[in-house]
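A short worksheet on the structure shown next.
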Amino acid sequence: MSTADAWLLVALVPLLALGPVLWRVSRGAPGNRLIAQNLSSLLGGLALLPAAQGFGRPAYVDVALVLSVLGPVGTLIYARFLGVLPGSRLVRWTALLGVPAIVLPLCVATGPGRAMGKLLLIGALLIAGSVVTSAGGSRPDGGVANEGAANGGTANGGRTA
């Protein structure tokens, strides 16, 4: 097995994890869809980095850079429309464990230089964006994110519209 094949096997792991996540994007409640969208942008970025090394295509790293910036921005925009930013431990721990597990070996493989700096920047953006967007938040009307479950399970905290 060549090193390119090994990198492609590493890229296959986040791609396989993307299947159930995309199912949740298409078939979940709005809050769950938002979490799945957040996780799908993280997994997409994580799949592109080793694929760039395996295929020998540095342009995939640029796509991962764009995805690491626009993924969390998209999550925050949709959270604004929904009125709530749901918290997710899955997204947070996937970022905190998965990003270093993929980025650090890639940094060793590429060696010091501009490419390594770009990999570290992408890793930092993936972690920061995922941690910020998975922290949960309050609604614009001053309610808290879990208020609906505590007050009758309705989206507006048990109040009638």
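Rule-based calculations on the coordinates, nothing more; no lab input. Since the model is a prediction, treat every value here as computed from it, not as a measurement. Here Cβ is always computed from backbone atoms with ideal geometry, including for glycine, and neighbour counts include all displayed protein chains.
Using only side-chain charges placed at the Cβ, +1 for Lys and Arg and -1 for Asp and Glu, the dipole size of the chain relative to its Cα centre rounds to 200 debye.
In a GNM of the chain with a 10 Å cut-off on Cα contacts, which of Leu67, Leu16, Leu126 has the highest mean-square fluctuation? In the Gaussian network model the winner is Leu16.
Per residue, the convex hull spanned by the alpha carbons of the range 3-138 comes to 88 Å³.
Compute the signed sum of charges (Lys and Arg +1, Asp and Glu -1) over the other residues within less than 13 Å, Cβ to Cβ, of Leu39.
In short, +4.
When only alpha carbons are used to place a centre, the range 71-137 and the range 17-35 end up 18 Å from one another.
If we sort 18-30, 35-47 on the protection proxy, mean other Cβ atoms within 10 Å, highest first, what's the order?
Highest mean packing first, the order is 35-47, 18-30.
For the chain, relative contact order (Cα pairs under 8 Å, six or more residues apart, normalised by length) works out to 22 percent. Between Ile102, Ile77, Ile127, the residue with the greatest mean-square fluctuation in the GNM of the chain (Cα pairs under 10 Å linked by springs) is Ile77.
Considering only Pro86, Leu42, Ala52, the residue lying farthest towards the positive end of the dipole of the chain is Pro86, judged by Cα position with unit charges set on Cβ.
Just checking the listed ones, Thr133, Thr110, Thr75: in the Gaussian network model of the chain with Cα springs under 10 Å, the one fluctuating most is Thr110.
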